[in-house]
Amino acid sequence: MKNFLMSAMALTAVLVLPGVASADDVSDRNQAISICRAEVQAQAGADATVRLDQVRVRPRAVRVELDLWRNGQLQNVRCEVTRGHELTIAAISPTVQTASLAQ
């Protein structure tokens with residue numbers, strides 16, 4: 001009985017704990033996409049279209065790659081977001097030319 005109880009507890013820990021860790025990853029991923037998309041859109045102006053290309057979640061950072069379409073031109077933009085107590089944009093590369101300079 002004792003072995004059964006220990007086995008059940010170990011199985012529960014293996015099944016539950018990875019799900020808890022990945023819940024933070026999903027939340028951070030979604031928030032990073034949102035803040036990066038908003039910042040790139042704000043820098044590019046209203047006439048630009050920002051689309052998600054891909055996302056990579058790492059222990060200390062989230063890398064969001066976006067496609068920026070403006071005036072029929074494609075620019076690939078990478079946004080690095082640091083993870084911690086709060087998500088913050090560390091870098092956007094290449095720098096997005098503002099809408100007033102693009103015209």
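Quick notes
- Count Lys and Arg as plus one, Asp and Glu as minus one, and take only other residues whose Cβ is under 12 Å from that of Ile92; the net charge is then 0.
- Extension reserve of the Ile89-Asn71 stretch, reckoned as 0.36 nm per residue once the Cα distance is removed: 3.9 nm
- Dipole check for segment 45-97: with +1 at the C-beta of Lys and Arg, -1 at the C-beta of Asp and Glu, and the Cα centre as origin, the magnitude is about 240 Debye.
No value in this document is a laboratory result; all are computed from the given coordinates. All of these numbers come straight from a predicted model, not from anything done at the bench. As a convention, Cβ positions derive from the backbone with ideal geometry for all residues, glycine included, and neighbour counts pool all protein chains shown.
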